[in-house]
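Asks: Here's a structure for you.
No lab work stands behind these numbers, since they all come straight from the coordinates. Just so it is clear, the structure is predicted and the values come from calculations on it, not from any experiment. As a convention, Cβ positions derive from the backbone with ideal geometry for all residues, glycine included, and neighbour counts pool all protein chains shown.
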Amino acid sequence: MLLIISPENMYLNKDRLIIVITVALLLNGCAEYKWVKDGSSDVEAHKTLIGCKARSLKDLPPDNVVYRDSSSGYESKKDKKKNKEITDYKLETNYQIDDANSYSREILISDCMLSKGWTEIRIN
């Protein structure tokens, strides 16, 4: 699919452009990959990959970082007894844990597989 964006039609079809870009990004995120090596089976690939993952975890253990996200706002509720609306202040705190080493560990895994003669290919 060829997408040509010119200044004349960019503003006229802005919504369509946003939809096309969003779909393209979502489809790209759904790509599946597979490790292959001539004369080797999927079982051998899986065993080698597990070994490389174990080695990468030993060399670069997880570094869990906790992120706190607070959001606040006003929430309106109806008081049935007094038949009036009450506005309350609402504060929510959410926590998220992220492994700061995950990306670097993926590089170690890929390097390990490549060094053992495996090649990663896209299968869809």
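Asks: Describe numerically, in nm with one decimal, the distance between label points set 7 Å from Cα along Cα→Cβ at Lys84 and at Asn64.
Replies: About 4.8 nm separates the two model spin labels.
Asks: Could you put Ser70, Ser40 in order, starting from the residue whose Cβ has the fewest other Cβ atoms within 10 Å?
Replies: Fewest-to-most ranking of Ser70, Ser40: Ser70, Ser40.
Asks: Along Cα→Cβ, 7 Å out, is where each label goes; now give me the distance between the ones at Ala100 and Lys37 in nm to one decimal.
Replies: Roughly 3.4 nm, to one decimal.
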